[in-house]
Every structure is written in structure tokens, then in C-alpha cells.
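Q: Before anything else, here's the structure in question.
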Amino acid sequence: MSLPYYSEYSTGSFPFPEDNINPKKKDAEWARKWGQAMISLWLKNQTAIPYNKVKEIQELRDLANGNQDITRYQKILLDESEEDGSMEGFMNISFDVFSVMPKFLRVVEGMMEQTEHQVVATAIDPKSSQEKEEMKLRTAFNMKYHNIISSIEKGLGIESGSEFMPETIDELELYAGLGGFKLSRETEMEEGLDYTFYISDWPEIRKKIRRDLMTFNAFCIRDYTDQYAGKVKLRYVDPAMFIGQFSSSYEHRKLEWGGEIIQESISNIVKQDPTIDPDKLQKLARMNNGLNGNPQLTDTDLATAFSQDTYKCGWSGFMVDVLDYVWKSIDSEYWTTRKTQYGEDLKYREEWGVVKNTDKKKTEIYPIHMEYKAKWIIGTEIIYDFGYEQDILRENGKDVILPYHFYKYPDKAIVQSAEPALHQIELAHLKLQNALAMAAPAGVSIEYTSLQNMKLGGNKMEPLEILRVRKQTGDLVYKATTHKGQVNIPGGYRPVQELQGGIGSQLDEFIKIFDLYINFIRELTGVNQIADASTPNPEQSVGGSKMAVAATNNALRPIYSAYLTGKERAAKNACLRMQLLIKHSKKAYEGYIPVLGRAGVEIMKVSADVVDANYYIKYEAKPTGERTETIRQAAIAAMSPDRDGVKGIELPDFLLIDRLLDNGNLKYAEAFLNYRSRKNKERQLQLQRENMALDKQRELEAIEIKHRAELERTTFETNEKIRFERAKKEIEEEFEAKAFEREKEKIALQATLSAIGKSAMAPSESSAV
């Protein structure tokens with residue numbers, strides 16, 4: 001970014017052009033002034049990421065990749081030559097960078113890659129809210145009169161499906177919170193957003209965003225409409241090349257203008273605007289000759305006429321810096337209302353700036369918020385792709401939303417925090433190399449005089465020959481005394497002593513330095529020893545390991561949160577842009593049919609035409625397969641009776657839970673399972689209590705019946721006994737009466753017989769007399 005034609009914008013005055021002008025005068029020159037003002041503010045360090053941070057960002061990226069400039073270390077360890085400025089010294093080392101930062105970043109990226117997300121689109125416009133409320137009321141009605149409706153359906157021969165039906169108001173509210181009343185357009189929008197992220201190659205964008213956040217705590221995304229494909233897409237924007245309005249907000253939501261410096265070839269620029277003057281293009285080629293990575297051409301080659309048909313000139317492939325930018329503007333409209341001869345109000349549009357305020361006429365000014373776009377080849381007068389932005393996005397139907405989603409966190413990023421430690425590790429590594437290179441190998445120390453004048457077998461041997469014998473056989477022959485009998489080796493030293501080689505205790509010092517600064521990096525970044533798995537401790541408990549990993553996750557949460565914020569904002573814009581595109585473009589309408597189906601595309605088109613749906617977009621972490629299967633198995637187990645014979649859920653409940661799990665609504669599925677199981681448990685316990693009460697009542701009734709039967713039996717037996725006694729007595733009385741009668745008859749008979757006997761005896765007595 002040190003091109004010569006940039007310098008004029010770093011010192012001069014380049015204010016933003018006046019906005020309150022006739023829209024017809026908002027031409028290419030007006031757009032160029034916007035671009036000049038933006039570049040000037042950037043070079044003067046008054047933008048979201050100032051120009052003086054560009055070099056620092058590149059250095060941090062090199063540091064993150066382990067490709068930092070080695071001259072930093074050469075200036076410390078070597079001497080600078082006074083003649084040509086080259087580095088000179090006596091260190092026998094290689095200055096290849098030794099860095100642990102790529103490993104730490106790979107660990108963080110790996111941890112973040114483990115979490116996938118799913119989009120949740122919730123329509124929050126009044127029409128959609130009303131439809132959901134109607135669905136909720138309809139379900140409440142069906143819930144209240146479920147038995148009657150089922151009887152009617154049964155009578156009509158209609159089979160009732162296994163669709164879930166809430167049983168209480170609390171359950172109805174929970175069902176609504178679980179997303180039970182999801183509109184078809186919400187589902188279609190989720191499918192459309194998933195497709196948008198797919199065709200935008202989101203995994204690649206995601207990696208760049210996370211790397212930027214870990215390197216310097218900033219990232220940028222742009223949503224746009226691909227005019228050739230007729231699709232909504234997203235693309236990564238290099239924050240170092242982003243030129244946006246400064247804001248104290250981390251999310252920079254209220255940008256009035258924003259853009260980015262991109263590089264385009266001259267031939268590609270001509271494709272976008274064939275009307276550009278060839279002379280201006282030649283001048284542009286001369287400006288970038290040998291710069292910006294372009295080759296150095298001769299004046300003859302540069303003078304070659306530009307052919308719009310063949311692109312054969314040598315400089316047609318030159319890459320040039322282009323400011324691709326958008327900005328908000330207000331195009332005011334003037335409308336006058338006057339009274340007709342019939343007393344009616346007639347409203348018509350006036351020319352811009354014409355105001356008529358009389359007794360019969362009154363002019364009102366309506367500010368229309370618009371969004372302009374342009375591409376300006378920096379340092380030239382060439383403006384192309386200028387005009388209104390395609391598919392202007394409006395929040396709440398009025399406020400214009402720019403397509404840039406920029407986020408900047410003020411704290412130091414992971415790489416920024418670790419920078420001092422990384423430099424110290426590299427210096428220690430370079431010094432270790434030098435110590436290894438300068439270290440003497442292992443050898444021997446020889447007392448030479450003790451090996452002189454030696455004779456073996458009558459032959460005199462030189463000291464070197466004796467040493468050769470020692471190397472080959474391990475034996476050493478030497479003289480302890482001289483020819484005069486004096487001790488040849490004062491102090492009793494051995495003639496040959498071994499010398500230790502290597503760097504000795506320095507190695508331990510270097511190891512301690514490495515460990516010290518790597519631990520510094522762990523403390524500063526939050527990526528602890530368990531998370532980076534460099535030296536796993538076999539004695540570390542599973543619970544302790546999980547706590548250590550959780551601590552790392554907490555340290556990375558701001559990065560995770562910032563990433564989700566940017567993704568949700570981009571999805572929100574893509575949602576609005578998709579509706580407008582399908583509504584106004586037949587090509588887009590047909591292009592989305594393979595993705596959403598004709599019915600789905602028609603639903604989105606109707607939503608844009610009639611409902612004007614506004615969506616609340618959020619991304620939720622998808623549950624892990626292990627956790628999902630755990631809840632599914634718990635739901636299956638809840639369908640079986642427990643030891644008390646109680647079933648937690650029924651089949652319709654399980655089907656709802658299974659659908660929630662398939663959609664990734666883990667917390668909703670778990671909450672519903674717990675709620676439904678608890679309610680069923682309460683219902684079963686209540687039923688058991690009712691059954692126990694009924695059994696008790698039946699037991700009392702049985703006792704009462706038994707008592708009554710016993711009483712009746714006793715009464716019957718008593719009555720029978722009385723009847724028996726009465727009959728017996730009657731029989732006895734009858735027998736006694738009959739016996740008395742017989743006795744009377746007997747007595748009467750006896751009396752009769754006596755009377756007869758007496759009468760028979762009487763004449764005899766008379767005659768005797």
C-alpha cells in the first residue's frame with residue numbers, strides 16, 4: 001500500500017461531497033469524491049482499522065503462520081555492516097523460524113471445528129405473529145374439545161392420527177416455546193440460508209474469520225447478489241483492506257459508508273465497463289508498471305494500443321488497486337398538494353428543490369434513504385459499476401442496511417498476546433543452535449612426555465604410535481618415571497584423560513527457557529496443557545481433564561461469540577436479500593426451485609409480496625451425536641413402564657421428541673421429555689391414588705355388604721328359629737290340645753262305660769231286694 005499515487009490522499013483535504021443535492025447530479029464525479037474522502041480518512045488513520053495498522057496486521061499474520069521476519073533477530077544477534085548495511089557475525093546457525101504458534105492455532109481451530117451450527121429463522125412481523133397466535137388458539141380449542149372432536153371424527157369414519165396434542169395450558173405454552181407452531185415460510189427460509197452458506201463456501205470463510213479473530217481480533221464479511229448466477233452469496237473481506245466508518249461499537253452496526261481495496265486486472269475492468277477511454281487505461285498501466293506485483297514493461301510495450309476484442313497488449317493483465325465501496329445517501333422527493341375546484345386534494349411530484357407554500361398549495365419533502373455503490377480505480381478518474389445498490393436492504397422497511405459486517409474487539413488477540421513469548425522462544429532457539437555448533441566434540445587430554453622415549457621389543461615407538469595402539473586395543477603403555485627415576489607425571493595424573501563434549505549444562509537452561517515461555521503462551525491464550533495435548537498426564541483424572549478443556553473453552557468464548565454474531569448478521573441480510581431477489585427476478589425464482597421446490601419458492605415470493613416477512617435469525621450449536629442418542633434412548637426407555645408400572649411418555653410424545661432431535665433442538669427435546677415425563681408421572685400417581693381410594697371404598701362397601709349379609713343371615717336364622725319354636729310350640733300345644741281332647745274323650749268314655757256298668761248292675765239289686 002505504499003504506491004506513489006496514495007501519497008496525495010494522506011496529506012490533502014478530501015471532504016465528503018454534499019449529499020443534499022438533486023439526485024440527477026449524483027454522478028460519477030460525485031461518487032469519486034466519496035471514494036477520495038474514504039481513502040483519505042483511511043490513510044490519516046481515522047477509520048475502523050487505520051492505515052498504520054496494516055503493516056502490524058501483516059506482521060501478526062506472519063507470526064501466526066511462523067513466517068516472521070528474521071531480520072528482527074539478526075539485529076539482536078549480529079552486527080550491522082557500516083558499508084552496505086548487511087548483517088555480519090560469527091554465529092554458525094540457520095535463521096529458519098522455529099515457532100509453536102501454528103500448533104496453538106491449530107488446536108483452537110480444531111476445538112471450534114467440533115461445534116456445528118444450525119440456523120433458526122423466526123418470523124417476527126405482525127402478520128406472521130398473528131398467524132402463529134391463530135395456530136395456538138386453534139390448538140387450544142382442539143385441546144379443550146378433543147374428546148368431542150374425536151367422537152365426531154369416529155362417527156364420520158375419520159381416523160385420528162398420532163399428532164401431538166397438549167393437555168394443559170402450561171404444556172401448550174411449552175409446545176409453543178419449542179417451536180411447535182413453525183410457519184412454512186420459516187422452514188423455507190432456513191433451507192434457503194443453508195443453501196446460501198453452501199454456495200458461498202462457508203467452511204473456507206469460517207476458517208479465515210477465526211484465524212483473523214485469533215490473530216488481531218477483527219473480521220469482516222460482505223453479503224451480495226451474484227447477478228450472473230441469480231443467487232444470494234457471502235464472501236470474506238480482508239479486514240486490513242476494509243475501509244469503514246470508525247465506531248466505538250464492537251459490531252459497527254450503524255456504518256454510513258464502507259468499502260474495501262481489491263485488485264482487479266485491467267482486462268476484467270474493461271469487461272465490466274467497455275466504455276472506458278483506452279487512453280485512460282494506458283495511463284493507468286503506466287502508473288502500475290513494475291508496481292503492485294506487475295512486470296516492468298518497456299515504453300514500446302506500454303504504448304501498444306489496447307484492443308477490446310483480443311486483449312493482446314502486454315499490460316491488459318496488470319493488477320490495479322480498486323476501491324469497491326457503498327454508502328448511504330438521501331434522495332429527497334418534493335410533493336405538492338393543491339386544492340382542486342371541487343375542493344379535493346390533488347398530489348403531484350415537483351422538480352427537486354421546488355417548494356410551493358401558498359394558501360392553495362403546500363409542498364412536503366420526503367427523504368428517501370438510498371444506498372449507492374461504485375468502484376473507483378484509486379489515483380485515477382475512472383469510476384465504474386456506479387449506481388444504486390442492487391436489492392437495497394431496509395431494516396423495518398425504512399433504514400438502509402449496508403452489506404458489510406465488521407467486528408473488532410479491543411482486547412489483544414491470541415497471537416498479539418503471545419508475541420513477546422514467541423520472539424523469546426525464537427531467540428533461545430537461535431542461541432541453542434549456536435551453542436550446538438560451537439560445542440567441542442568429546443576427546444582426550446594427553447600428557448605427552450610420559451609417552452616419549454618408549455621402547456617395546458627393542459624398537460623405539462613414537463607417542464602417536466602408542467595412541468594408535470590405545471585406540472585399537474584399548475591398552476595404554478606409558479612411563480611413570482624418567483631415566484633418572486623421577487616421577488614422570490607430577491601429582492599422579494593419568495597421562496591420558498577423557499574430555500566431555502557437547503554444551504553441557506546449557507541444554508538444561510534452554511529447555512527451562514522453552515518451557516517457561518510456552519507456559520507463558522498457555523497462560524496468555526487460555527489454551528492449557530490438557531487442551532493442546534502436548535504432554536498428557538496419565539495420572540490426570542477424566543473429570544480434571546474435562547475441567548481443563550472447559551477452562552480453555554471459556555477462554556475462547558469471546559472468539560466463538562464474535563464469530564456467531566457476524567454469521568447471524570450476514571444471515572439476516574441474506575434473508576432480506578433472498579426475498580427481494582425471488583420477488584423481482586424470474587431468473588432467481590427459477591434458480592431456487594431445485595433447492596426449495598416450486599412450492600417453497602412460491603411461499604417465499606408470496607411472503608415478500610403480501611407478508612413482507614421480517615425474520616429474527618440466530619444460530620444454535622448442533623448437539624453432538626452422543627448427546628442426541630442419549631436423549632433418544634432416554635425417550636425410548638420412558639415409553640416402557642417402570643417398576644411402578646408408570647410410562648413416562650406415549651408414542652405421539654416420542655415422535656415429537658424424535659423430530660426435535662433430528663432438527664437439532666436438543667434443549668427443547670430434553671425439556672419436553674422432562675416435562676412430559678413429570679406430568680405423566682403426576683397423572684399416574686394421581687390415578688394410583690384414585691385407584692387406592694376406590695379400592696378402599698370398595699373394601700368398605702364389601703365390609704358393609706358382608707355385615708349386612710351377616711345381619712340378614714342372623715335375622716333370617718333368628719326368624720327361622722322363632723318360627724321353628726313357634727311351630728314347635730303350636731305343634732306341642734296342638735298335641736297337648738289333642739291329648740287333652742283324647743284325655744277328655746277317654747274320661748268321657750270311661751264315664752260312659754262306668755255309667756253303662758252301673759245301669760247294668762241296678763236291676764239285679766232291685767230283684768234281690
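Q: Can you compute the FRET efficiency between residue 69 and residue 249 using 1/(1 + (r/R0)^6), with r the Cβ-Cβ distance and R0 = 41 Å? Round to the nearest 0.05.
A: Efficiency at R0 = 41 Å is approximately 0.75.
Q: What does the extension gain come out to for residue 650 and residue 675, with contour length at 0.36 nm per residue minus their alpha carbon separation?
A: 7.7 nm
Q: Also, quick follow-up: In nanometres, what is the gap between the two model label sites at residue 116 and residue 265, each 7 Å from Cα along Cα-to-Cβ?
A: So the two model labels end up 3.8 nm from each other.
Q: If the cut-off is 29 Å between C-alpha atoms, which lysines fall inside it for residue 696, apart from same-chain ones fewer than 8 positions away?
A: Excluding near neighbours in sequence, the set is 647, 679, 681, 706.
Q: Hey, another quick one. Given a Förster distance of 22 angstrom, what is the FRET efficiency for residue 590 paired with residue 187, based on the Cβ-Cβ distance and rounded to 0.05?
A: The value I calculate is 0.60.
Q: For the stretch 212-257, which chymotrypsin sites (Phe, Trp or Tyr not before Pro) pass both filters: DSSP loop (anything but H, G, I, E, B) and at most 11 other C-beta atoms within 10 Å?
A: Hits after loop and neighbour filter: 228.
Q: Next question, about the same structure. Report the extension gain between residue 335 and residue 711 in nm, rounded to one decimal, defined as 0.36 nm multiplied by the number of residues separating them, less their alpha carbon distance.
A: In short, 125.0 nm is gained.
Q: May I pose another question? Accessible area of residue 287, 1.4 Å probe, to the nearest 10 Å²?
A: 40 Å²
Q: Sort 34-46, 409-421 by packing, meaning the average of other beta carbons within 10 Å per residue, with the highest value first.
A: 34-46, 409-421
Q: Taking a 1.4 Å probe, which of 298, 115 shows the most accessible area, and what order do the others take after it?
A: From most accessible down to least: 298, 115.
Q: Under a point spin-label approximation (7 Å from Cα along Cα-to-Cβ), what is the residue 472-residue 28 distance to one decimal in nm?
A: With each label point 7 Å from Cα toward Cβ, the separation is 9.3 nm.
Q: Okay, moving on. Once both labels are modelled 7 Å past Cα along the beta-carbon direction, what's the residue 460-residue 738 spacing in nm?
A: 18.0 nm
Q: Suppose R0 equals 51 Å. What FRET efficiency, 1/(1 + (r/R0)^6) with r the Cβ-Cβ distance, do residue 142 and residue 96 give to the nearest 0.05?
A: 0.10
Q: Between residue 208 and residue 496, what length comes free when the chain is fully extended (0.36 nm per residue of separation minus the Cα-Cα distance, one decimal in nm)?
A: Between residue 208 and residue 496, full extension yields 97.3 nm more.
Q: Which lysines does residue 103 reach when only Cα atoms under 21 Å apart count, and residues fewer than 8 places away in its own chain are ignored?
A: 207, 208, 412, 512, 546
Q: Using alpha-carbon positions, what is the distance between the centroids of the stretch 558-576 and the stretch 198-241, in Å?
A: When both Cα centres are located, 11 Å separates them.
Q: Not counting ligands, DNA or RNA, and with a 1.4 Å probe, what is residue 369's accessible surface area in Å² rounded to the nearest 10?
A: About 60 Å², rounded to the nearest 10.
Q: Where does each of 673-683, 135-145 land if you order them by average Cβ count within 10 Å, highest first?
A: 673-683, 135-145
Q: Still on this model: Need the list of lysines near residue 455 for cross-linking: C-alpha distance under 19 angstrom, and skip anything on the same chain fewer than eight residues off.
A: 471, 479, 484
Q: Taking a threshold of 27 Å on the Cα-Cα distance, which of the pairs 24/347; 271/572; 44/398 fall above it?
A: Over 27 Å apart, Cα to Cα: 271/572; 44/398.
Q: Here's another thing I want to ask about it. Mind ordering 347-354, 512-519 by average Cβ neighbours within 10 Å, highest first?
A: Packing proxy ranking, top to bottom: 512-519, 347-354.
The values are calculated or read from the model by the stated rules, or taken from the named source; none is laboratory data. Computed from a prediction, not measured in an experiment: that's the story for all the values here. Note: ideal-geometry Cβ built from the backbone for every residue, glycine included; neighbour counts use all protein chains shown. Note: areas computed on protein heavy atoms with side chains; ligands, DNA, RNA excluded. Shrake-Rupley method; radii C 1.70, N 1.55, O 1.52, S 1.80 Å.
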